[in-house]
1. If I filter the stretch 113-140 down to residues being touching a strand residue (DSSP E or B) at 6+ places or on another chain (Cβ under 7 Å) and in a helix (DSSP H, G or I), which single residue comes out as surrounded by the most Cβ atoms within 10 Å (Cβ to Cβ)?
2. Sort through 91, 113 and tell me the only one that's among the β-branched types (Val, Ile, Thr), modelled with pLDDT of 95 or more and closer than 26 Å to residue 16 by Cβ.
3. Let me spell it out: the conditions are (1) touching a His at 6+ places or on another chain (Cβ under 7 Å); (2) within 18 Å of residue 102 (Cβ to Cβ), and residue 28 meets all of them except one. Which number is the exception?
4. Look through the stretch 21-37, keep the residues that are without any contact (Cβ under 8 Å) to a residue 60 or more places away in the chain and not acidic (Asp, Glu), and return whichever of them is surrounded by the most Cβ atoms within 10 Å (Cβ to Cβ).
5. Kindly establish whether residue 102 is closer than 27 Å to residue 140 by Cα and modelled with pLDDT of 95 or more.
6. Looking only at the stretch 50-63, which residues are surrounded by fewer than 18 Cβ atoms within 10 Å (Cβ to Cβ) and under 13 Å from residue 115 (Cβ atoms)?
7. In the stretch 64-85, is there at least one residue being in contact (Cβ under 8 Å) with a residue 60 or more places away in the chain, assigned to a loop (DSSP other than H, G, I, E, B), farther than 17 Å from residue 10 by Cα and of a type outside the set (Gly, Ala, Ser)?
8. Suppose we filter the stretch 97-106 for residues that are part of a loop (DSSP other than H, G, I, E, B) and touching a residue at least 12 places away in the same chain (Cβ under 8 Å); how many remain?
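The values are calculated or read from the model by the stated rules, or taken from the named source; none is laboratory data. Quick caveat, the model's predicted, so the values are computed rather than measured. FYI the Cβ positions are ideal-geometry reconstructions off the backbone, even for glycines, and counts take in every protein chain you see.
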Amino acid sequence: MEKSLILVKPDGVERGLTGTILSRLEELGLKLVAIRMLHADKELAERHYAVHRDKPFFNDLVNYITSSPIVAAVFEGEDVVNRIRKACGATDPAKSEKGTIRGDFGLDIGRNTIHASDSPETAAIEVDTFFAGGDICQYTRMR
């Protein structure tokens, strides 16, 4: 079964949106299999955003994601990466449809409330980055 990582970013945590965001994803029939709240350090943030290392916004990404606690979660389900990406909306909240997480809650492109894996391959790396100890739970979801 496919897995995907999401991060409720500092703006989402600080505005009390974590439960709402997780609930929206569970309402899609996706199964929450891991969750933790953490204050990411610079090393973790740089590893997570390594694909953007050469881009001009890299330092802003790292500084932002380390500025306040985040919530990391893993969801499981069929086509979970694409389903979560659709639920999130466009990276830029101004271009996201209402009814999507970023369209409803994102403040701007830098504070867009949620990160979601962009492919199953990236998801596998990201899940291992945030849940290296294998804290993935197995259970049968009712419904």
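1. Here the residue is 126.
2. Selected residue: 113, the only one of 91, 113 that is among the β-branched types (Val, Ile, Thr), modelled with pLDDT of 95 or more and closer than 26 Å to residue 16 by Cβ.
3. Going through the list (1) touching a His at 6+ places or on another chain (Cβ under 7 Å); (2) within 18 Å of residue 102 (Cβ to Cβ), residue 28 breaks only (1).
4. Per the criteria, the residue is 30.
5. In short, no.
6. 51, 52
7. Yes, there is a match, as at least one residue in the stretch 64-85 is in contact (Cβ under 8 Å) with a residue 60 or more places away in the chain, assigned to a loop (DSSP other than H, G, I, E, B), farther than 17 Å from residue 10 by Cα and of a type outside the set (Gly, Ala, Ser).
8. Final tally of qualifying residues: 2.
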